[in-house]
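Below: the structure, in structure tokens.
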Amino acid sequence: WRQARTLLRVIVILVLSSPTACSSARHVREDGGGSRECHQIELRRPQSSKVDILFVIDNTGSMGNEQVQLTHDVEPMFRELINPTPRDGWTPPSVADLHVGVVSTDMGALGNQIVGCYDAGDDGVLHNVRTQPDCSETYHDPDCENSGCPWIAHSSTHPNDGTDPSNPPIWDDFRCIATLGTGGCGFEQQLESSHAALVEQTAPGMANEGFLREDSVLVILYVTDEDDCSTPDSEMFNPARTDLGSLNVRCALNEDRLYPISRYHDAFLALKDGDEDKLVIAAIAGIPTDGSWNVGDPVDALRELRRQSPLNPNELVRSCDSIPNNAFHPVRLVEPAYSFPEAGILASICPNSW
């Protein structure tokens with residue numbers, strides 16, 4: 001397959017599929033990758049009534065259109081999770097207990113003085129402050145003992161499904177907190193932000209404590225038009241280090257200075273006690289739309305496409321360039337998805353509908 005046709009629908013299929021359900025969703029890898037044949041793949045997943053979804057949303061200067069698009073396109077996903085549509089004579093179980101968190105890609109620049117990159121950025125803290133004029137000041141899970149719990153939720157005690165006229169549905173609440181703006185640090189650290197949000201910030205006494213439940217299915221969804229630049233090396237963001245290349249291309253040229261992908265694979269799997277059936281890794285990112293690289297092709301082939309522009313060596317060649325969206329090759333986001341072949345899904349951010 002060239003790519004998952006509708007990523008948000010595919011996430012629903014992965015979360016809700018029964019042990020005997022057969023989905024037409026394309027996994028990111030099959031028999032080592034490379035096949036572009038269309039196959040029916042049986043998804044063996046638990047029937048869980050609890051789902052925790054972390055949206056990692058790029059909040060840099062080029063993401064204005066994409067953030068608006070996300071808030072429009074996400075409603076069908078929430079509706080399907082809460083009230084699944086019968087298919088093939090079987091109705092999937094509904095998600096009775098849903099946590100939804102939003103975090104940016106801004107982790108600062110490790111102490112370097114760069115415009116837009118301040119301190120540790122958002123440091124993986126979930127965002128629950130309104131971004132639209134007709135919204136409440138802040139949002140939190142009403143079932144949480146701590147009134148400041150920075151995520152939105154749907155549950156049996158607080159149904160957030162649109163059936164109560166006095167209670168806006170969860171997709172409206174999501175719209176109110178998910179348009180993060182475009183002022184974030186230009187060095188996107190998508191993977192490290194999700195690591196901070198789910199590992200460091202969920203520890204006792206930290207900002208996201210309680211978001212992640214032991215018995216839930218965890219979905220991590222990256223929405224971004226650039227590749228990841230998660231690193232422990234502050235010199236990667238030092239403007240004076242011209243030997244490392246232009247800041248615009250430095251992360252691609254010095255991949256050996258970035259965190260290894262195993263850091264994220266191992267950490268996310270550990271959150272679910274090694275049970276891949278409770279984990280979904282997904283990305284709406286710069287997957288090419290011209291057939292130069294297709295979901296299922298080797299990562300190294302995508303890495304070869306991520307190169308400096310022949311017209312301007314301080315820029316990278318775009319993976320897709322369309323109206324209203326354009327993007328760059330997401331090598332480091334494909335890798336963690338590929339590392340979970342039964343639970344990783346990818347789609348392009350470039351089309352005007354997801």
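The spread of Cα positions in the range 267-322, taken along each principal axis and listed from longest to shortest, comes to 48, 24, 21 Å. Working from label points 7 Å from Cα in the Cα-to-Cβ sense, the ASP164 to ASP119 distance is 3.5 nm. Labels on offer are (i) 22.1, 69; (ii) 19.4, 63; (iii) 42.9, 175, and the one holding Rg and Dmax of the Cα atoms in Å computed from this structure is (ii).
Scanning residues 5 or more positions from CYS320 or on other chains, those with amide H under 5 Å from its amide H are ALA327, with H placed 1.01 Å from N in the peptide plane. Using a Gaussian network model of the chain with C-alpha springs under 10 Å, which one of PRO232, PRO133, PRO330 is most mobile by mean-square fluctuation? Largest GNM mean-square fluctuation: PRO133.
For the range 55-61, 3J(HN,Hα) computed residue by residue from phi via the Karplus equation (6.51, -1.76, 1.60; θ = phi - 60°) reads 8, 9, 10, 4, 10, 9, x Hz, glycine and proline entered as x. With an 8 Å Cα cut-off and a minimum separation of 6 or more residues, compute the relative contact order for the range 182-265 in percent. Relative contact order, the range 182-265: 29 percent.
For the range 211-354, which whole-number percentage of the solvent-accessible area (1.4 Å probe, protein heavy atoms only) is attributable to carbon and sulfur atoms?
Numbers: 2590 of 5520 Å².
Carbon and sulfur atoms account for 47 percent of the accessible area of the range 211-354.
Can you list the equivalent-ellipsoid semi-axes of the range 194-299, largest first and in whole Å, using the square root of 5 times each Cα gyration tensor eigenvalue?
29, 21, 12
GNM, the chain, Cα, under 10 Å: largest mean-square fluctuation among THR289, THR157, THR202? Looking only at THR289, THR157, THR202, the largest GNM fluctuation is found for THR157. Among the GluC sites (Glu not before Pro) in the range 66-163, those located in a DSSP loop and surrounded by at most 12 other Cβ atoms within 10 Å of their own Cβ are GLU137, GLU145. Of LEU244, THR224, TYR259, which is farthest on the positive side of the dipole of the range 207-342, counting Cα position, with +1 on Lys and Arg Cβ, -1 on Asp and Glu Cβ, and the Cα centre as origin? Farthest along the dipole direction, towards plus: LEU244.
For the range 303-308, the Karplus equation 6.51 cos²θ - 1.76 cosθ + 1.60, evaluated at θ = phi - 60°, returns couplings of 4, 5, 6, 7, 9, 5 Hz by residue, with Gly and Pro reported as x.
Count charges around TRP171 for me, please; just the other residues with Cβ under 13 Å from its Cβ, Lys/Arg as +1, Asp/Glu as -1. Don't skip to the end; give the middle numbers.
Values: positive: ARG79, ARG175; negative: ASP73, GLU75, GLU80, ASP161, ASP172, ASP173.
Once positives and negatives cancel, what remains is -4.
Which of rounded, prolate, oblate describes the range 229-354, given a ≥ b ≥ c as roots of the alpha-carbon gyration tensor eigenvalues and a/c under 1.5 marking rounded, otherwise prolate only if a/b is larger than b/c? Here the range 229-354 falls in the oblate category. How much FRET efficiency would the formula 1/(1 + (r/R0)^6) give for ALA203 and SER234, where r is the Cβ-Cβ distance and R0 is 22 Å, rounded to 0.05? Efficiency computed from Cβ-Cβ geometry: 0.35.
Rounded to the nearest 20, the size of the Cβ-charge dipole of the chain about its Cα centre is 800 debye, with Lys and Arg at +1 and Asp and Glu at -1.
Relative to the 2.2 N^0.38 Å rule of thumb, the range 68-191 has a C-alpha radius of gyration ratio of 1.23.
Remark: the range 192-243 is approximated by an ellipsoid whose semi-axes, taken from the C-alpha gyration tensor as √(5λ), come to 30, 15, 7 Å, largest first. Springs between Cα atoms under 10 Å define the GNM used for the chain, and in it the highest mean-square fluctuation of VAL100, VAL295, VAL74 occurs at VAL74. The amide H of TYR222, built 1.01 Å from its N in the peptide plane, has VAL56, ALA282, ALA283, ILE284 as neighbours under 5 Å, considering only residues 5 or more places off or on other chains.
The values are calculated or read from the model by the stated rules, or taken from the named source; none is laboratory data. These numbers come from a predicted model, not from an experiment. Because the Cβ atoms are built from the backbone with ideal geometry, glycine has one as well, and the counts that use them run over all protein chains shown. Keep in mind that these areas ignore ligands, DNA and RNA; they rest on the heavy atoms of the full protein, side chains included. Shrake-Rupley method; radii C 1.70, N 1.55, O 1.52, S 1.80 Å.
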